[in-house]
Amino acid sequence: MPHPSQDDQELWRRLDWNDVRTFLAVAECGSLNAAARLLGMTQPTISRRMEDFEYRLRAKLFERTPRGVMLTEAGVMVRDLAQNMARFGGTIMREIAGHDDSHAGRVRVAAPDGIAGYLLAPRLAKFQMSNPNVHLSIDCGMWIGSMLEAEPDLYLEMADAYAPDLVSIPIATLHYRAFASRAYLDLYGTPKTIAELTEHRTIRHTSHREQKSTWNPKAAAIAQLTQNHFISNSSAATFQAVRAGAGLASLPTYVATLDPDLVMLDLGPWGDPVLFLRHHGAIEHQRRVKLVKDWLLEVFDPTEQPWFREEFIHPSDFARYIPPAAPTRKTPRRALG
């Protein structure tokens, strides 16, 4: 087989499949915003990637218009070639993925930071004990430019839009309700109605925009009228701010298991979005990825964790729905002497 020339090697160094994949999404969606929603990325990230892609190719691929983007002649050529790349990539996955039965290797997961930090990380050690050769990467998407070194194998997300070639499994329902710390309520009092929230210090997470039909419109309207004293795109920061008494916020009810001193306010439902586990169908044949998938299904098993059930269960009733723990066998001590 002839060795690639230096010019060919330089061209390959310029090419990044993640950028080609992003370009295809923009070309097919017709706008940066729509592509961002489809890929679960931010619009500035998409824009930066496309600018870098055009710079490396030394060709203008898009014309920006008020209604979106239009492909240039070079852009149409790249789109056609990129679609062929995607088809060949799919063929490789279908032909080869079934031959990977290794228990060892890297598995990449994309997940919101709160879920990664409060639900996955505490259970990681137990998973590692059973699967010592599976190495996990969890991308929380917090910092532009610091994404994982490759496309995730598994996605935990609440996005409405997703690539049509992904398998999408509803893995949990997150029941959002208003929460506050006891210290905050002792200091500022407890609101009795949603309207009274306008008189309180409030905290808002910026990502509560997906699955709009699952959110309480009355609560959403009041949220527009309140003065948010703290805003963050981090679930962990939002939770810790509420925990510290900085204000009231809408949080998923599972936080009651993290801090029993948090108080769920009797203000009705805020939202009940569904968390999805998504992946390409071919990964079912990759043993190490299947092990991680099974672990994620266990983490969110609603029979063990009633706060993830489709029906709402009040935190005060959680204990009634948790199966009793299996008795542990005590190892008898050896006699001394």
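The values are calculated or read from the model by the stated rules, or taken from the named source; none is laboratory data. These numbers were taken from a predicted model, which means no experiment stands behind them. Virtual Cβ from ideal backbone geometry, glycine too; neighbours counted across all protein chains shown. Only protein heavy atoms, including side chains, enter the accessible area calculation; ligands, DNA and RNA are left aside. Shrake-Rupley method; radii C 1.70, N 1.55, O 1.52, S 1.80 Å.
Here are a few things to note about the model shown:
- Estimated inter-spin distance, Leu225 and Glu311, nm [label 7 Å along Cα→Cβ]: 3.4 nm
- Cα-centre dipole for the stretch 162-260 with unit charges at Cβ (Lys and Arg positive, Asp and Glu negative), debye to 20: 140 debye
- FRET E, pair Glu28, Val274, Förster distance 30 Å, beta-carbon r, rounded to 0.05: 0.75
- 1.4 Å probe accessible area per residue over the stretch 118-235, in Å²: 58 Å²
- Computed as a quarter of the hull surface, the mean projected area of the alpha carbon convex hull for the stretch 184-236 stands at 4.3 nm².
- In order through the stretch 281-287: 3J(HN,Hα) via Karplus (6.51 cos²θ - 1.76 cosθ + 1.60), integer Hz, x for Gly, Pro: x, 5, 5, 4, 8, 9, 4
- Ala195 paired with Thr72, simple spin-label distance in nm, labels 7 Å along Cα-to-beta-carbon: 5.8 nm
- Here the stretch 246-290 is described by how far its Cα atoms reach on the three principal axes: 46, 20, 17 Å, from widest to narrowest.
- Residue ranges 317-323, 28-34 sort as 28-34, 317-323 when ordered by packing (mean number of other C-beta atoms within 10 Å per residue, highest first).
- Here r is the Cβ-Cβ distance between Leu185 and Gln83 and R0 is 51 Å; the resulting FRET efficiency, rounded to 0.05, is 0.35.
- If you take all other residues with their beta carbon under 9 Å from the beta carbon of Glu151, and give Lys and Arg +1 and Asp and Glu -1, the sum is +1.
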